[in-house]
Amino acid sequence: AVAESVSDLAHAYRALLARVSELRDEENRTFATEMVKWCAAPGPSISEIPVESVIQKVVVPIAQGHPVLVVVLDGMSYGVFRSLAPGLSAAGWKELGPGDAGRRLSAVSAVPSVTEASRASLLCGAFTTGGSAEEKAGFSKHPGLLAACRSGRPPLLFHKAELAGPGGAGVSPTVLDRIEKPENRVVGLVLNAVDDHLLKGDQLHVEWSLATLQPLRALLEAAAAAGRIVVLTSDHGHVVERELDYRGASDGGERWRPLASATHADEVVVEGPRVAPSFGERLVLPWSERVRYGQKKNGYHGGATPQEMLVPLSVWTATEN
């Protein structure tokens, strides 16, 4: 709306954006209130699966019947996914829906919704914290995945540094080779394009697609050649920078802080088994998209909004399979 040259139209855009923001705030507050209750006493759900249960409940059953590629697009929100999905369909992929849930599955991030807690829990198949080394070890030794794999060919997990081709161009031939061989029953990939974009201070707008996620296209082609089922998901989502109010909290993260001072009306206190122990027993998270605790970036995560806590858990097959 700011860039619109017709003043009346710009005014209408601003009014529309303000009303949408009001409605979104109402939804976010309701979600956060229910999330606090669920985190204190997590219950079962058919369509919303905690990140640490994704491997056992979704990946293992697929791997028992088909070679599988698990793609973790770190930081992918539902907004990014909805931009990306049409390109997958156009490239010859068909999304498979769970029969009992009646809708696409979602993964529920750990608290706080940050990589250290959520991605490690997702890839290890257990509620934990850690970095790439812990993720590799947990993924390769997951009992359910190991049982689906051939002897001597354990699950393989590749991170950002391993995906680049010679000289940093293209995709690593080694990774493509591993994906193209169906005897490697389970292969996992971590793509950081979305999360990396959030770190930058500029306001460059990215239309997320197979064109902007160049490695993904080549990786999917290799998966199709091996007849793999592809599980596309993330560890957490994000909210974008739209003139968020800065509320400094040096002892916390971008959108979480320990309970060291009074809470505001746009915050909730979360405690219980869904809070990663290394972050403390009780955390304060904003349910509003209008506040940040860290330095200004393109986007943030760690808070209590559904945009950060819920991520798509989608399953795809190449149409010729």
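Please enumerate the residues belonging to the stretch 39-67 that are touching an Asp or Glu at 6+ places or on another chain (Cβ under 9 Å) and in a helix (DSSP H, G or I). The answer is CYS39, ALA40, VAL51. Count of the stretch 91-128 residues, restricted to those that are at pLDDT 95 or above, open to solvent by 40 Å² or more (accessible area, probe 1.4 Å) and among the aliphatic types (A, V, I, L, M), is 1.
The criterion of at least 2 residues that are within 27 Å of THR129 (Cβ to Cβ), open to solvent by less than 20 Å² (accessible area, probe 1.4 Å) and out of contact with any helix residue (DSSP H, G or I) (no Cβ under 9 Å at 6 or more places or on another chain) is met, among strands (runs of 3 or more DSSP E) falling completely within the stretch 191-307, by 282-286. Tell me, please, whether a residue that is open to solvent by 60 Å² or more (accessible area, probe 1.4 Å), farther than 30 Å from VAL175 by Cβ and either at pLDDT below 95 or among the β-branched types (Val, Ile, Thr) (or both) can be found in the stretch 47-59. No; the residues of the stretch 47-59 include none that is open to solvent by 60 Å² or more (accessible area, probe 1.4 Å), farther than 30 Å from VAL175 by Cβ and either at pLDDT below 95 or among the β-branched types (Val, Ile, Thr) (or both). Being over 21 Å from LEU191 (Cα atoms) and either charged (D, E, K, R) or under 21 Å from the mean Cα position of the chain (by Cα) (or both) is a property that GLU221 lacks. Within the stretch 43-60, residues that are among the hydroxyl-bearing types (Ser, Thr, Tyr) reach partners that are in a strand (DSSP E or B) with beta carbons closer than 7 Å, at six or more positions or on different chains, in the pairs SER47/LEU105; SER47/SER106. Regarding the stretch 258-270, can at least one residue be identified that is within 20 Å of the chain's Cα centre (by Cα) and either at pLDDT below 95 or among the hydrophobic types (A, V, I, L, M, F, W, C) (or both)? Within the stretch 258-270 (the criterion being within 20 Å of the chain's Cα centre (by Cα) and either at pLDDT below 95 or among the hydrophobic types (A, V, I, L, M, F, W, C) (or both)), the answer is no, since none of the residues qualifies. Could you look through the stretch 139-165, keep only residues that are loosely packed, with under 15 Cβ neighbours inside 10 Å and among the small types (Gly, Ala, Ser), and pick out the one that is nearest to PRO67 (Cα to Cα)? Step by step, filter the stretch 139-165, then rank; the result is ALA147. Just wondering, is there one or more residues in the stretch 20-37 that are over 18 Å from THR305 (Cα atoms), open to solvent by 60 Å² or more (accessible area, probe 1.4 Å) and out of contact with any Gly (no Cβ under 8 Å at 6 or more places or on another chain)? No, the stretch 20-37 contains no residue that is over 18 Å from THR305 (Cα atoms), open to solvent by 60 Å² or more (accessible area, probe 1.4 Å) and out of contact with any Gly (no Cβ under 8 Å at 6 or more places or on another chain). Is it fair to say TYR78 is open to solvent by 10 Å² or more (accessible area, probe 1.4 Å) and touching a residue at least 24 places away in the same chain (Cβ under 8 Å)? It is true that TYR78 is open to solvent by 10 Å² or more (accessible area, probe 1.4 Å) and touching a residue at least 24 places away in the same chain (Cβ under 8 Å).
If you go through the stretch 129-152 and keep only what is modelled with pLDDT of 95 or more and part of a loop (DSSP other than H, G, I, E, B), you end up with THR129, GLY130, GLY131, LYS141, HIS142, CYS149.
Might you check whether a residue that is of a type in the set (A, V, I, L, M, F, W, C) and under 15 Å from the mean Cα position of the chain (by Cα) occurs anywhere in the stretch 85-105? Checking the stretch 85-105: at least one residue is of a type in the set (A, V, I, L, M, F, W, C) and under 15 Å from the mean Cα position of the chain (by Cα). Within the stretch 77-103, the residues that satisfy the criterion of being farther than 22 Å from CYS39 by Cα and in a loop (DSSP other than H, G, I, E, B) are ALA91, GLY92, GLY97, PRO98, GLY99, ASP100, GLY102, ARG103. Consider the stretch 154-169 and keep the residues that are part of a loop (DSSP other than H, G, I, E, B) and either at pLDDT 95 or above or touching a strand residue (DSSP E or B) at 6+ places or on another chain (Cβ under 6 Å) (or both). The one that is farthest from GLY188 (Cα to Cα) is GLY165.
The values are calculated or read from the model by the stated rules, or taken from the named source; none is laboratory data. Everything numeric here is computed off the predicted structure, so don't read it as measured data. Glycine also receives a Cβ, built like all others from the backbone with ideal geometry; neighbour counts cover every protein chain displayed. Side chains are part of the model used for accessible areas, which takes the heavy atoms of the whole protein and leaves out ligands, DNA and RNA. Shrake-Rupley method; radii C 1.70, N 1.55, O 1.52, S 1.80 Å.
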